[in-house]
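Read the structure below first, then the notes.
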Amino acid sequence: MRDAVNYAERAAASDPLSPIMRSDYIAALAYSGQIEDAIQELADAEKLWPGSYAMLDARSRIHARYGDPEEALRIQRAFRDPSRGFEYFILARKDPTPANIDRAIAQTKAELGRDSRAIGFLIQAYGEFDRNESIFDALAAWQGTDFRQVLQPLFRPSLRKFRHDPRFMIVATRFGLVDYWRKSGKWPDFCSEPDLPYDCKAEAAKLTAGAR
């Protein structure tokens, strides 16, 4: 996530007239957990491109997952592609009753197979509402091919507990991440967290040895 923020910042600086590049940088900040920085960057960018779709997109990404659910709903209903499951997710963030959470998850599961984004929305919802065991079940059952939709939410703040389960390394192996980390020597940020209950490299070595 640090690399993503750095590259997005460099891209935005290289094309300062592009609201899309700035929007991507704002989203990278938010997804890496730098929420206050993302909000400040959004405020600065909105002075340059008030009302542009790129700024609405950035505003929606921040508020749908981390900020004001009411603002997220307004943008979702007016400007973004409709997803009833994601709308219910925002409503559940606003009022996280068991019934609202169950409705959001049920609707998102119903959209699997019809909307390629649904698996990412489902993973996000499970992480947000601390149903981490269900993430493993959802990934085990998923038969899609658009890996981006799976990988994008895995490193967001709401999935921290999920990443702290040693079985996360099995997931990372399935999607080719462990192979990349080992070959490149670039290990993800969370592997350096002092309270991580396992060693990423040791777990990767076990999985590699088991596959031989």
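Brief remarks follow.
- Phe162, sole failed condition from (1) outside any helix (DSSP H, G or I); (2) under 17 Å from the mean Cα position of the chain (by Cα): (1)
- Lone unmet requirement of (1) closer than 21 Å to Ala28 by Cβ; (2) surrounded by 14 or more Cβ atoms within 10 Å (Cβ to Cβ); (3) not aromatic (Phe, Trp, Tyr) for Gln107: (1)
- Residue within segment 150-158 that is under 19 Å from the mean Cα position of the chain (by Cα), in contact (Cβ under 8 Å) with a residue 60 or more places away in the chain, assigned to a loop (DSSP other than H, G, I, E, B) and more than 17 Å from Phe89 (Cβ to Cβ) present: yes
- Residues (touching a Phe, Trp or Tyr at 6+ places or on another chain (Cβ under 6 Å) and either at pLDDT 95 or above or surrounded by fewer than 19 Cβ atoms within 10 Å (Cβ to Cβ) (or both)) located in segment 56-98: Leu56
- Test: Ala12 is hydrophobic (A, V, I, L, M, F, W, C), at pLDDT 95 or above and more than 19 Å from the chain's Cα centre (by Cα): yes
- Residue in segment 109-124 that is part of a helix (DSSP H, G or I), of a type outside the set (Asp, Glu) and over 17 Å from Ala64 (Cα atoms) present: yes
- Some residue of segment 134-151 being in contact with a Gly (Cβ under 9 Å, 6 or more places away or on another chain), loosely packed, with under 13 Cβ neighbours inside 10 Å, within 18 Å of Asp24 (Cβ to Cβ) and outside the structural domain of Tyr25 (by TED's automatic domain parsing): yes
- Looking only at residues of segment 183-212 that are surrounded by 10 or more Cβ atoms within 10 Å (Cβ to Cβ) and among the small types (Gly, Ala, Ser), we find that the one that is nearest to the chain's Cα centre (by Cα) is Ala204.
- Which numbered condition Asp165 misses (of (1) more than 21 Å from Leu73 (Cβ to Cβ); (2) of a type in the set (Asp, Glu); (3) out of contact with any Pro (no Cβ under 9 Å at 6 or more places or on another chain)): (3)
- Residue that is surrounded by the most Cβ atoms within 10 Å (Cβ to Cβ), among those in segment 167-182 that are of a type in the set (Phe, Trp, Tyr) and part of a helix (DSSP H, G or I): Phe168
- The residue list Gly85, Gly33, Gly51 contains one member that is in the same structural domain as Asp130 (by TED's automatic domain parsing) and not β-branched (Val, Ile, Thr), which is Gly85.
The values are calculated or read from the model by the stated rules, or taken from the named source; none is laboratory data. Remember, predicted model here, so these are calculated numbers, not experimental data. Neighbour counts run over all protein chains shown; Cβ positions are idealised from the backbone, glycine included.
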